[in-house]
Structure formats: C-alpha cells, structure tokens
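The values are calculated or read from the model by the stated rules, or taken from the named source; none is laboratory data. All values derive from a computational prediction rather than experimental measurement. Positions of Cβ are generated from backbone atoms using ideal geometry, with glycine treated the same way; all protein chains shown enter the neighbour counts. Keep in mind that these areas ignore ligands, DNA and RNA; they rest on the heavy atoms of the full protein, side chains included. Shrake-Rupley method; radii C 1.70, N 1.55, O 1.52, S 1.80 Å.
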Amino acid sequence: VPISNIRNFCIIAHIDHGKSTLADKLLQMTGTVESREMKEQFLDNMDLERERGITIKLQAARMRFIYENEPYCLNLIDTPGHVDFSYEVSRSLAACEGALLVVDASQGVEAQTLANVYLALENNLEIIPILNKIDLPGAEPSRVAQEIEEIVGLDCSNAIHASAKEGIGITEILNAIVQKIPPPGDTAGRPLRALIFDSYYDPYRGVIVYFRVIDGTIKKGDRVLFMASGKDYFADELGVLSPNQLQVDQLYAGEVGFLSASIRSVADARVGDTITHFNRKAEQSLPGYKEATPMVFCGLFPVDADQFSELRDALEKLQLNDAALKFEPETSSAMGFGFRCGFLGLLHMEIVQERLEREYDLSLITTAPSVVYRVNCIDGDIVECSNPSLLPEPGKRRSIEEPFVKIELLTPKDYIGALMELAQDRRGIFKEMKYITENRASLIYELPLAEMVGDFFDQLKSRSKGYASMEYSFIGYTESDLIKLDILINGDCVEPLATIVHKDKAYSVGRALTQKLKELIPRQMFKVPIQATIGSKVIASEAISAIRKDVLAKCYGGDISRKKKLLKKQAEGKKRMKAIGKVDVPQEAFMAVLKLE
Ligand code: GTP
C-alpha cells in the first residue's frame with residue numbers, strides 16, 4: 001500500500017480497562033488471525049503475563065483493512081501496562097502517529113490512563129477516545145466522557161461507545177483509525193533511521209529487533225549500525241508481524257517490522273536505539289534514548305549452596321532477554337554466595353524472581369529490596385550504596401541522599417483523608433490537591449522511593465477499598481537524616497536484615513521488626529535473642545523461647561510410614577530456610593521489614 005494508507009497506532013488504557021480484549025477484536029475483525037487460532041489473548045503471549053493479566057512485553061501486529069474500497073495497512077504497537085516500564089511505553093508511543101484511549105465506561109479515568117495520555121501528548125499523537133464496556137449495566141458513558149473532557153481536556157463529543165467483549169463499535173474504531181490518525185511522513189529518501197521499540201532473544205536466531213522505520217529504507221542483507229551501542233551487523237532477516245513473522249525484502253519509512261542479525265544479547269539492541277546504515281549514516285540519532293537505570297536492588301541467594309552456578313547461568317540467560325536486569329556476585333557471611341540484582345521497579349523484581357523459580361527450578365532466598373543511596377563521604381568520595389550492610393561507617397560519611405519520587409493519586413473524595421495519612425506516614429511531602437470532578441480528587445506528593453518499596457501500593461488499595469490509583473516518577477536525590485539499623489540473631493549480626501531508616505523512625509522500626517522476626521522465626525532447641533542495634537547501641541530486643549521439638553516422639557511404636565511422612569513434612573518446611581549461625585531463618589523473615597505496621 002502507498003504510505004498515505006499506512007496508520008501506526010497504539011492502545012493506551014488503565015489495567016483491566018480492556019486493552020488486550022480490544023486488540024484481539026481488531027485482529028479478528030480484520031481477519032489478521034482466525035478466531036480458531038486465537039489463544040485467549042493474542043497480544044499478551046507470555047504465560048506469566050496471561051496469568052497475571054498484565055502486559056509486560058511489547059508486541060506488534062500488522063492488519064489489513066478495506067476502507068472505502070481502498071486497502072489500508074494498520075500497525076498496532078502494543079505497550080506494557082506498568083510504571084516500571086514507562087520508558088518502553090514512551091518509545092512505542094514514539095513509533096506511532098496515533099493512540100486509542102480506552103476507558104472503562106463503568107469506572108472512569110485512572111492514574112495510569114492519565115500518565116499514558118501525557119506521554120501520548122508529548123509525542124504529538126492523535127488520540128481517539130473510546131468508552132469501553134458499554135455492555136455492562138453499570139456503564140455510564142456520558143459521565144465518563146465528561147470526566148475525560150475535564151481531566152484530559154480531550155473533546156469527547158464523538159467518543160466511540162464500544163464493548164470489546166461483545167464486539168460492539170469495532171468497525172467504528174477501525175474507521176476512526178483511518179480517518180483521524182495521520183499517515184506517516186514520506187521520508188523514504190533520507191538516510192535510514194529506525195526506532196527500536198522492542199527486542200527479544202530467540203535461542204536459535206539471536207535477538208529479534210522490532211522497529212519502526214522513521215526515515216529511509218532498509219533492505220534484507222544491509223549492513224546496519226545501532227547508533228547508541230555502536231555495534232554493526234548484517235540484517236540476515238527482515239520482516240513484518242502479521243502478527244506472526246513474515247519475511248520481506250525491504251521496508252520503507254512509515255513501516256513497522258523486525259530484523260534479526262545474529263545479535264547475541266538484547267543489551268546490544270536496546271529499546272530506544274536508532275538503526276542506521278553503516279555506510280550511509282544518519283547525522284543524528286532519534287531523540288529519547290535512555291540507558292536503563294535500576295532503581296531497586298535485592299540479594300538473591302540459593303537455599304542450597306550447590307545451586308550457585310545454576311543461579312548464575314539462569315541470570316545470564318534472563319539478561320540476554322532483559323537489558324534492564326543487572327547483577328553482580330555478592331557474598332555474605334550469613335548467606336554464603338549469591339547475587340546482588342538491580343531492577344527497574346518492584347514488579348520487574350517480582351517477575352525475575354518468579355521466572356528464576358519457575359523456569360529454572362531454583363529455590364531462592366530473596367533479601368528485602370533496597371533503593372540506591374548516595375553517600376557523601378568526609379574524604380570527598382561519593383559512594384552509591386544499594387546494599388544497607390555496606391553503608392560506609394558513620395565516622396566516614398558526611399551525609400546520605402536518597403531517591404525521591406513524585407506520586408499522583410486519583411481517589412474518590414471519601415478516601416482523601418485516609419490516603420493523606422498514608423502519604424504523611426511514609427514521609428510524604430504534600431504538594432497539591434485538586435478536585436478533578438465533583439467526586440474525585442488528585443493528590444500529589446513527593447516521597448522517598450524507599451517508603452514506596454514494600455506495601456505502599458497494597459495500603460493504597462486497602463485504604464481506598466480498591467478505588468484509588470497511582471502513578472509515580474523519579475525526581476531526584478535529596479539529603480535525609482538516615483541511619484543503619486542492624487539486626488542480631490542469637491548474637492550474630494545478620495547482614496541481609498540490615499536496613500536503612502530515617503532517624504525519627506528508627507526506634508519504632510526496630511521494635512516492630514524484632515517483634516515480627518520473633519513471630520516468623522520458628523522456635524529452636526535453645527533460646528534465641530533478637531536485637532535491633534544502631535552502632536553498638538541496642539534499641540529493641542525480643543527473645544524466642546526454646547522448644548524441644550521431637551517430632552518422632554508423637555509416633556508410637558513402629559509405624560514407619562507415618563514416621564517417614566512426618567520427616568518429609570519437616571524437610572519441606574525447611575526448604576525455604578537459611579541456616580544463620582545455628583538458627584534457621586525462613587524466607588518471610590528477610591521480607592519482614594516491608595510488612596511492619
Ligand atoms: P492489562 O493487560 O492488564 O493492561 O489489561 P487490559 O487493559 O488488557 O484488559 P483486558 O483486555 O485483559 O480486560 C480486562 C477484563 O475486562 C477482562 O476480564 C475482559 O474480559 C473484560 N472486558 C474487556 N472488555 C470488555 C467489555 O467491553 N465488556 C465487558 N463486560 N468486559 C470487558
């Protein structure tokens with residue numbers, strides 16, 4: 001098709017508002033996939049994603065659509081639905097000219113909707129509002145349309161009423177894509193610039209790179225240069241996604257496709273990088289490229305020391321497919337050999353942990369996540385510290401800075417008080433409150449990232465009965481009055497339990513943490529003291545009383561099978577324990593600091 005008949009678009013929506021369902025319907029209606037080949041949802045094709053009902057990795061699909069007897073080529077570029085991946089979202093938006101804004105007509109605008117709309121506006125996209133789920137009895141399309149107008153400032157008089165589930169409004173949506181979204185500019189004559197919006201590692205072909213050609217033309221076999229990584233390759237394979245990969249010889253400005261070139265790791269073909277020709281370089285790379293900076297770190301230790309090298313292999317394999325995952329070996333006297341790993345955010349961390357256990361069958365102890373502190377030392381050095389147990393000694397440091405985020409909460413007005421209390425409790429600095437509609441308010445706070453790591457999101461949901469939503473973005477480092485709290489179990493300092501806290505909270509955290517650990521650590525054959533200390537000063541202490549736990553005493557006589565069963569049960573109970581000194585510490589204890597009340 002001519003370039004004037006190409007449309008590149010994405011779908012932006014809050015979680016569960018129906019993005020994947022709509023994408024599937026568009027693919028079906030355009031005959032791109034037969035309904036019988038549809039897995040439940042085509043675009044979210046990773047198991048983990050389907051299970052959690054969230055979109056983690058981007059995908060793309062090309063559809064053919066006939067409008068007024070002319071064939072059109074519609075490229076849908078999917079976006080991940082979580083703040084941890086907002087950089088990836090911004091790059092896939094940059095690959096489009098338009099966006100479908102899907103809002104659940106029984107709910108309304110949520111924080112994530114807003115954040116994505118702002119990104120779309122920054123990228124100058126044409127936005128088509130869609131009120132989804134009008135089949136629901138509780139749907140209030142006109143109220144929600146008004147809400148979008150008021151909050152987003154988007155004309156909704158022609159908003160499309162749709163039900164992705166029932167297939168209502170789908171043709172109107174396809175028509176609107178053709179009518180409202182502008183075609184790409186015709187810049188095929190310029191030197192090649194293609195924007196990478198996704199990449200994944202295929203064990204047989206190497207990295208598969210998804211890109212949008214912004215300028216120029218790319219041919220199969222071309223020698224291409226990745227401008228940010230500085231690496232060059234021959235494009236062995238070139239193709240489009242329909243949505244299965246289909247090889248082609250050439251792609252022009254405005255088109256979306258993939259290439260493979262025996263690239264060994266996604267780190268060499270990072271999202272946001274610009275592809276150009278090795279022999280006819282573009283003068284400037286496309287704007288917006290950013291290195292991935294891990295925001296939270298944690299220690300991963302195999303329960304069984306023998307699994308250390310398996311853990312390393314597994315992390316290396318995951319990294320081939322995840323340029324944002326960072327890791328380096330970490331040794332601790334308490335935990336033995338393991339790795340310190342860095343992640344974009346908490347969801348990213350959970351995903352990696354889950355994969356390691358599920359796909360690689362590793363049994364791991366995870367230590368509580370920490371943010372990266374910046375320590376200004378007396379000798380003038382600045383030390384970045386992502387491991388509380390390695391914080392420079394008080395005598396060596398002048399001050400500590402910690403990362404702050406700006407959060408925006410959207411909530412029905414009834415919960416404003418409860419949420420303000422939560423934010424204040426987490427050292428939040430109030431910035432702004434405004435009513436976005438009669439019933440709903442937006443609250444803006446600046447707050448230490450460390451206070452969000454943990455149960456902040458759960459608290460937000462429970463204190464608002466599930467109605468509030470939030471977004472956050474990193475704003476920078478601020479000096480805070482922080483100190484290190486150590487935990488001693490049975491007299492031994494347990495490094496992975498060390499935590500960095502604000503001075504004003506040290507006593508209450510110390511007390512709550514020792515109490516929590518007392519609950520979580522099983523009784524042993526001897527009395528186990530648990531202490532929280534700052535430097536050499538004990539600020540809280542508890543003790544677990546001794547128990548004589550002879551499981552076999554319960555089995556009378558020679559019932560051997562029953563004996564075996566009991567022993568097996570005990571062994572299973574031990575699986576996720578780490579022996580620290582003489583004390584078995586369960587996985588939950590390492591996370592205790594996140595769940596203090
Ligand atoms: P993420 O992938 O997490 O961002 O969610 P999503 O926005 O892709 O939502 P998804 O398409 O998975 O839909 C969420 C839920 O809403 C599913 O249970 C869908 O069946 C349901 N749903 C989607 N569209 C409609 C609709 O038009 N009407 C009704 N009644 N339910 C819908």
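In the stretch 159-176, the residue that is farthest from residue 113 (Cα to Cα) out of those that are in contact (Cβ under 8 Å) with a residue 24 or more places away in the chain and open to solvent by 80 Å² or more (accessible area, probe 1.4 Å) is 166. Of all residues in the stretch 4-21, those satisfying the criterion of being hydrophobic (A, V, I, L, M, F, W, C) and more than 6 Å from the ligand (Cβ to nearest atom) are 6, 9, 10, 11, 12. Tell me, yes or no, whether the stretch 168-186 has at least one residue that is within 16 Å of the ligand (Cβ to nearest atom) and among the small types (Gly, Ala, Ser). Yes, the conditions are met somewhere in the stretch 168-186. Suppose we keep only residues that are more than 16 Å from the ligand (Cβ to nearest atom), open to solvent by less than 10 Å² (accessible area, probe 1.4 Å) and among the hydrophobic types (A, V, I, L, M, F, W, C) within the stretch 74-95. Which one would you say is nearest to the chain's Cα centre (by Cα)? Only one residue tops the list, namely 95. With respect to the conditions (1) at pLDDT 80 or above; (2) within 12 Å of the ligand (Cβ to nearest atom); (3) within 23 Å of residue 163 (Cβ to Cβ), residue 98 lacks only one, and its number is (2).
Among the residues of the stretch 357-413 satisfying the criterion of being out of contact with any Cys (no Cβ under 8 Å at 6 or more places or on another chain), open to solvent by less than 70 Å² (accessible area, probe 1.4 Å) and among the charged types (D, E, K, R), which is farthest from residue 445 (Cα to Cα)? Going through the qualifying residues, I end up with 357. Quick one: is residue 416 out of contact with any Asp or Glu (no Cβ under 6 Å at 6 or more places or on another chain), assigned to a helix (DSSP H, G or I) and β-branched (Val, Ile, Thr)? Criteria met by residue 416. Looking at this structure, is residue 354 outside any loop (DSSP other than H, G, I, E, B), open to solvent by 30 Å² or more (accessible area, probe 1.4 Å) and without any contact (Cβ under 8 Å) to a residue 24 or more places away in the chain? In short, no. Going through (1) under 25 Å from residue 384 (Cβ atoms); (2) open to solvent by 50 Å² or more (accessible area, probe 1.4 Å); (3) in contact with a strand residue (DSSP E or B) (Cβ under 8 Å, 6 or more places away or on another chain); (4) not hydroxyl-bearing (Ser, Thr, Tyr) one by one, residue 321 falls short only on (1).
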